[in-house]
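Encoded as structure tokens, the structure appears first; notes follow it.
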Amino acid sequence: MSLARFSLLILCVVVAVSTSPVSEVCPDESDFLCLSDGYSSCFPNSWKCDGEPDCDGNVDEQGCPPVVCDADEFTCDNGCIPSAFVCDGDLDCYDGKDEATCPVQ
């Protein structure tokens, strides 16, 4: 068997093991289920509402309580950053909100 065929075989096995047909529950009760393209994936519950989309369609970030930041912080959709990070030329909010209304320099 050539190296290319062997590599392809290994890739197919990895893909088959890492995705499973649609299931309605995760084996670990502390996980949540994401459905996408007819397959399911389980993620830790701590990943829900953490500001980082993990599921297709960002369903793990929907219906979350609003983010409340301290007075010395800036509110991004995905959490809080120090106010000093606003208009510093670096995108710290995943959507760039911290740099969106800065004066042109």
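Every number here is computed from the coordinates shown, using simple stated rules; none is lab data. Since we're looking at a predicted model, the values are computed, not measured. Here the Cβ is made from the backbone with ideal geometry for all residues, glycine too, and neighbour counts use every protein chain on show.
The table that follows gives values for the structure above.
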{"quantity": "In Hz, Karplus ³J(HN,Hα) per residue of region 50-60 (6.51, -1.76, 1.60; θ = phi - 60°; x = Gly, Pro)", "calculated": "9, x, 10, x, 10, 9, 4, x, 6, 4, 6"}
{"quantity": "Amide H partners (placed H, <5 Å) of S40, local residues excluded", "calculated": "S20, V22, S23"}
{"quantity": "5 angstrom amide H check on F32, placed H, neighbours 5+ away", "calculated": "F43, N45"}
{"quantity": "Spacing of the two label points (7 Å from each Cα toward its C-beta) at D56 and E24, in nm", "calculated": "2.1 nm"}
{"quantity": "Sites matching chymotrypsin sites (Phe, Trp or Tyr not before Pro) across region 60-105 that sit in DSSP coil, with at most 15 neighbouring C-beta atoms within 10 Å", "calculated": "Y94"}
